[in-house]
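A.B. asks: The structure is given below, and queries will be raised subsequently.
The values are calculated or read from the model by the stated rules, or taken from the named source; none is laboratory data. Bear in mind that the values here come from a model prediction, so they are computed numbers and not experimental data. All Cβ positions, even for glycine, are placed from backbone atoms using ideal geometry, and neighbour counts span all protein chains on display. Each accessible area value is taken on the protein alone, full model and side chains, heavy atoms only, with ligands, DNA and RNA left out. Shrake-Rupley method; radii C 1.70, N 1.55, O 1.52, S 1.80 Å.
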Amino acid sequence: MKKNLLYILIIFIIIIAIILIHISDKNSQRNEISKFNVQFEQYLGQTIYGTDVLTIINKAIDSNEQNAIKRDENNYYIEDDELSVKVEIILLSKNEEGKIIEKTVTMESLEQRGLSDFITNFNLTPFECNDIQYNSQKRVSKITVKQLEL
């Protein structure tokens, strides 16, 4: 009888240990995602400038490179529902009639043209980070930044 009770107690302790390890892993994962999100969420709803936009783009590119996100034939990152981060910039320009039009540009297209050109042209231009989207793991997956004035 004592032997059976000892076996049940050992099995119970092992199950409790497994559950505690699982809870600890989930908490660590949640904290890691939270730390990652904060580096982008700090810009949400804020007026920022071209240098800040470049910082956001560089953070997204660094994250994609660290997580080995693959690129397609056009050199654009292939989105996944886990680790990829995309940045879209809405730029303003005027058409022939003088009306302001919006053009959406991806971080990859800016990267291909040269990020130094972007900073030269938009260094002191005001932007606003107006949208952040999250994947199924509640990790930042897409950031949208809009130019506020020409």
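A.B. asks: Report for the chain the percent antiparallel among DSSP-assigned beta bridges with both residues inside it, nearest 5.
C.D. replies: Roughly 75 percent of the DSSP beta bridges within the chain come out antiparallel.
A.B. asks: With the calculation restricted to Cα positions, what are the radius of gyration and Dmax of the chain in angstrom?
C.D. replies: For the chain, the Cα radius of gyration and maximum Cα-Cα distance read 22.9, 92 Å.
A.B. asks: Ok, one more. For the chain, which whole percent of the accessible surface, found with a 1.4 angstrom probe, sits on carbon and sulfur atoms?
C.D. replies: Ligands and nucleic acids excluded, carbon and sulfur reach 54 percent.
A.B. asks: For the chain, report the accessible area per residue in Å² (1.4 Å probe, heavy atoms, rounded to an integer).
C.D. replies: The answer is 66 Å² per residue.
A.B. asks: Out of the range 1-103, which trypsin sites (Lys or Arg not before Pro) are coil in DSSP terms and have no more than 11 other C-beta atoms within 10 Å?
C.D. replies: K70, K99
A.B. asks: Only helices at least 27 Å long along their own axis, judged from Cα atoms, and with Kyte-Doolittle mean hydropathy of -1.0 or greater: name those in the chain from DSSP H.
C.D. replies: Those that clear 27 Å and a mean of -1.0 are 2-41.
A.B. asks: Run the dipole for the chain about the Cα centre, Lys and Arg Cβ at +1, Asp and Glu Cβ at -1, nothing else charged, and hand back the magnitude in debye, nearest 20.
C.D. replies: Dipole about the Cα centre, nearest 20: 980 debye.
A.B. asks: Taking GluC sites (Glu not before Pro) that fall in a DSSP loop and have at most 10 other Cβ atoms within 10 Å as cut points, what is the longest piece of the chain between them?
C.D. replies: That would be 1-72.
A.B. asks: Let me ask something else about it. Please name which of L124, G114, N67 has its Cα lying farthest along the dipole of the range 9-150 towards the positive end, using unit charges on Cβ (Lys, Arg +1; Asp, Glu -1) and the Cα centre as origin.
C.D. replies: Farthest towards the positive pole: N67.
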